[in-house]
Amino acid sequence: SCDASQLCNCSSMGLDFIPPGLTAKITVLNLAHNRIKHVRSQDLQQAVNLRALLLQSNEISSIDEDSFWSLAKLELLDLSNNSLAHLSPVWFGHLFSLQHLHLQGNSYRDLGQGSPFSGLRNLSSLHLGNRRFSVIRQGNFEGIELLHKLWIDGSNLSQYEQGSLKSIKEINHMIINLRNSNIFSEIVRDLLHSVTWLEVTEIKLPVEQKSLVVQNSTRPFRIQKLTFKEAFFTDQTISRAILLLKEITSLKELEANNCMLEGKGRWNTDEIKKTGQSSVETVTIIKIMIQNFHLFFDLDGMESQINKLKRLTIASSNVFMVPCKLARSFSSLLYLDFHNNLLVNNRLDETICKGSWPSLQTLNLSQNSLKSLEQTAKYISRLPKLNNLDISQNNFGEIPDVCEWPKTLKYLNLSGTQIPKVTTCIPPTLEVLDISANNLKEFGLQLPFLKELYLTRNQLKTLPGAAPIPNLVALSVRRNRLNSFSKEEFESFKRMELLDASDNNFICSCEFLSFIHQEAGIARVLVGWPDKYVCDSPLAVRGAQVGAVHLSLLECHRSLVVSLICVLVFLVILLLVAVGYKYHVVWYLRMTWAWLQAKRKPKRAPPKDVCYDAFVSYSENDSDWVENTMVRELEQACPPFRLCLHKRDFVPGKWIVDNIIDSIEKSRKTLFVLSEHFVQSEWCKYELDFSHFRLFDENNDAAILILLEPIPSKAIPKRFCKLRKIMNTKTYLEWPAGEEQQQVFWENLKEALKS
């Protein structure tokens with residue numbers, strides 16, 4: 001269970017003993033939350049380079065004396081929450097490098113007669129005690145001179161020998177869970193010269209005057225901060241505590257967290273006033289529970305104890321007003337935090353009356369019940385030195401066009417106040433403005449001194465204009481409706497050092513991606529880059545990081561590609577039209593359509609519809625021979641033959657192709673007058689094609705070929721494939737030169753027409 005850095009995690013594996021085979025390579029061994037009961041001598045003998053050993057939350061009740069002797073490099077040992085009934089100094093005798101020791105949550109009642117920690121010269125933090133821990137003796141902490149943190153669970157501590165903790169020369173932070181108030185007094189006396197910050201939990205302060213008295217204590221004291229957590233006070237104990245803590249002249253900070261006060265503020269102010277001013281400069285009260293807080297007195301008479309106070313925090317404590325007289329006494333207060341209370345506008349007039357809080361520089365009124373921004377600004381304008389104001393998470397709802405503010409105001413937090421827009425109510429002197437979480441759709445205020453602007457969780461679709469805020473250094477538009485921002489928008493902020501545009505739904509267009517990839521310093525400016533910048537569209541790259549997306553040429557220049565395709569299609573169509581025009585494609589198509597229609601007609605016209613003996617297909621160049629020789633010979637014969645000629649018999653106004661088809665169908669025979677001119681004529685080809693499917697598909701002899709002049713087969717163009725086929729399969733008549741032979745020609749032709 002070891003990783004590359006030799007950190008071995010064997011926690012929660014149900015182990016009953018420390019696994020064998022541990023080597024010198026291991027640096028961290030986690031055996032927490034198992035069922036180990038005993039630590040043997042040989043278990044850790046080879047782990048000489050171990051720096052952290054975690055054995056908390058097991059069932060350890062015994063440890064061999066030499067179990068840890070080989071761990072000279074160990075810095076952290078956690079034996080908390082086990083079943084150790086006693087602590088042996090022999091265990092820790094060879095842990096020369098140990099800095100952190102956790103022994104809390106076991107079953108020992110004391111630390112023994114001597115000190116278990118005398119050899120731990122490098123110890124920095126020590127955690128000890130449990131619900132059974134009841135005795136601290138002199139000498140228990142011998143050998144420890146300096147501790148960064150000391151944590152003692154003494155909830156049932158009943159005996160403390162005076163001077164037991166004095167051996168520790170310096171403790172930066174001590175936390176003690178203590179219920180016995182008499183022992184608390186003795187411990188405080190011993191710690192006055194060693195502890196910097198003392199934190200006490202679950203204490204119930206006594207009323208007796210003798211308690212907490214600083215007797216025979218030489219100055220200067222070391223303690224600077226005192227914290228009470230989950231403590232219980234009454235009016236009497238508060239009065240005594242103030243008097244007695246004033247004797248600790250080094251005390252600068254007092255804190256009460258999650259405490260309970262039973263009383264109405266009837267404090268012994270006269271006696272408190274007689275003993276002079278308090279040295280405390282910072283008071284922090286968080287979540288104090290006062291039963292019947294609405295009956296609490298106005299602390300009249302406490303003015304002398306607060307005029308040196310510099311920082312005051314009273315949060316989550318149902319404060320609804322501060323009397324004007326008391327507020328005027330905070331003459332030195334620089335910082336005031338009243339967040340998460342019950343302040344309302346009509347009481348704010350009293351709380352911030354004229355002359356109150358004269359030195360105040362920072363004010364936090366967030367999470368209260370203020371409704372009118374105009375009134376709030378008006379009352380706050382009475383603070384002549386205020387430069388930092390937080391009135392966030394108050395439900396103002398509306399914002400006026402003009403507001404009155406302190407002239408020195410530089411920092412303003414209006415986040416989460418439900419204002420629908422920004423107006424000139426915002427003071428132009430600001431250097432930092434936070435208007436996050438307000439559903440704003442735009443921002444265009446003229447704020448020439450503004451350096452930081454926070455617009456998180458609004459509805460902005462673009463970055464605010466840079467011209468009204470020329471000195472902006474930091475801008476946050478996180479979680480808006482920003483789709484992208486251009487190079488021009490980005491570079492318009494000349495002094496921009498930080499831009500947080502993360503968690504927006506970016507449209508990864510080619511222009512946006514091109515700017516992102518080409519801007520060399522974008523990674524230094526964008527907060528959360530690249531993890532928090534994700535594409536929302538196009539769909540193909542949704543969820544991908546903006547910096548990792550590269551679109552293809554087709555995706556980036558879609559309109560250009562579409563335009564090129566349209567141009568190519570147009571050119572192809574134009575080319576097809578030109579080719580079709582040149583090669584009569586339209587006529588071919590119309591002919592094909594007519595041919596298909598003709599195909600659907602009956603294969604042979606009814607006898608009553610046959611009007612001609614023959615349809616004559618010939619070239620216009622051969623019309624003289626056809627019309628003056630052949631027609632005269634055949635139509636003047638006895639009996640005469642009726643011939644169909646296109647010049648004479650075609651129906652005017654009817655499509656020529658339909659005329660050809662109809663004429664062929666109304667004729668018993670079709671005469672083809674073949675010549676060089678015939679094979680050059682397109683219309684002759686049409687007539688040949690239309691007759692071919694009609695005549696030869698029926699396997700009859702309806703076609704009669706007359707060769708007006710010799711035509712070599714190779715001279716016939718390939719497009720006259722039908723003519724080639726006919727000449728190869730049909731007998732044709734050849735026009736002779738001599739008259740006698742011509743007479744035979746006419747006889748043969750007439751016989752062919754009669755057949």
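The values are calculated or read from the model by the stated rules, or taken from the named source; none is laboratory data. The shown structure was predicted, so the numbers you read here are calculated from the model rather than taken from an experiment. A quick note on method: Cβ atoms are made from the backbone with ideal geometry, for glycine too, and the neighbour counts reach across all protein chains shown. Each accessible area value is taken on the protein alone, full model and side chains, heavy atoms only, with ligands, DNA and RNA left out. Shrake-Rupley method; radii C 1.70, N 1.55, O 1.52, S 1.80 Å.
Worth pointing out:
- Taken together, the residues in segment 44-100 that are in a loop (DSSP other than H, G, I, E, B), within 22 Å of Pro20 (Cβ to Cβ) and acidic (Asp, Glu) amount to 4.
- Restricting Ser316, Ser331 to residues that are under 43 Å from the mean Cα position of the chain (by Cα), open to solvent by 30 Å² or more (accessible area, probe 1.4 Å) and small (Gly, Ala, Ser) narrows the list to Ser316.
- Positions within segment 22-43 being more than 48 Å from the chain's Cα centre (by Cα) and assigned to a loop (DSSP other than H, G, I, E, B), in sequence order: Lys37, Arg40, Ser41, Gln42, Asp43
- Residues in segment 111-123 that are polar (S, T, N, Q), over 49 Å from the mean Cα position of the chain (by Cα) and surrounded by fewer than 19 Cβ atoms within 10 Å (Cβ to Cβ) were compared, and the one that is farthest from Gln56 (Cα to Cα) is Gln113.
- When Gln277, Gln291 are screened for being farther than 21 Å from Leu343 by Cα and either in contact (Cβ under 8 Å) with a residue 24 or more places away in the chain or surrounded by fewer than 18 Cβ atoms within 10 Å (Cβ to Cβ) (or both), only Gln277 passes.
- Count of segment 262-298 residues, restricted to those that are part of a loop (DSSP other than H, G, I, E, B), modelled with pLDDT of 75 or more and under 52 Å from the mean Cα position of the chain (by Cα), is 10.
- Residues that are small (Gly, Ala, Ser), crowded, with 16+ Cβ neighbours inside 10 Å and more than 19 Å from Val48 (Cβ to Cβ), drawn from segment 69-110: Ser80, Gly105
- Leu370 touching a helix residue (DSSP H, G or I) at 6+ places or on another chain (Cβ under 6 Å) and assigned to a loop (DSSP other than H, G, I, E, B): yes
- Residue check for Ala377: buried (at least 20 other Cβ atoms within 10 Å of the Cβ), touching a residue at least 40 places away in the same chain (Cβ under 8 Å) and of a type outside the set (S, T, N, Q): yes
- Being closer than 21 Å to His33 by Cα and touching a residue at least 24 places away in the same chain (Cβ under 8 Å) is not true of Gly93.
- Once segment 153-191 is narrowed to residues that are small (Gly, Ala, Ser) and open to solvent by 10 Å² or more (accessible area, probe 1.4 Å), the residue that is farthest from Leu111 (Cα to Cα) is Ser181.
- Residue list for segment 309-326, filter: hydrophobic (A, V, I, L, M, F, W, C), within 19 Å of Ser369 (Cβ to Cβ) and touching a helix residue (DSSP H, G or I) at 6+ places or on another chain (Cβ under 7 Å): Phe320, Met321, Val322
- Flag if Pro400 is touching a helix residue (DSSP H, G or I) at 6+ places or on another chain (Cβ under 6 Å) and either of a type in the set (A, V, I, L, M) or open to solvent by less than 70 Å² (accessible area, probe 1.4 Å) (or both): yes
- Residue pairs meeting the criteria (Cβ under 6 Å; at least 6 apart or on separate chains; first in contact (Cβ under 8 Å) with a residue 12 or more places away in the chain, in segment 172-190; second in a strand (DSSP E or B) and of a type in the set (Asp, Glu)): Ile175/Glu199; Asn177/Asp153
- If you go through segment 519-537 and keep only what is in a helix (DSSP H, G or I) and either among the basic types (Lys, Arg) or within 15 Å of Ser484 (Cα to Cα) (or both), you end up with Ile522, Arg524.
- Remark: pairs (first residue in segment 450-478, of a type in the set (Lys, Arg); second residue open to solvent by 30 Å² or more (accessible area, probe 1.4 Å) and outside any strand (DSSP E or B); Cβ separation under 7 Å; 6+ apart in sequence or on different chains) = Lys451/Glu431; Lys451/Asn471; Lys451/Val473; Arg457/Arg479; Lys461/Arg481; Lys461/Asn483; Arg478/Asp503.
- Qualifying residue in segment 133-152 (condition: open to solvent by 50 Å² or more (accessible area, probe 1.4 Å), in a strand (DSSP E or B) and more than 23 Å from Pro220 (Cα to Cα)): yes
- Residue that is over 25 Å from Thr417 (Cβ atoms) and of a type in the set (Lys, Arg), where the choices are Lys325, Lys371: Lys325
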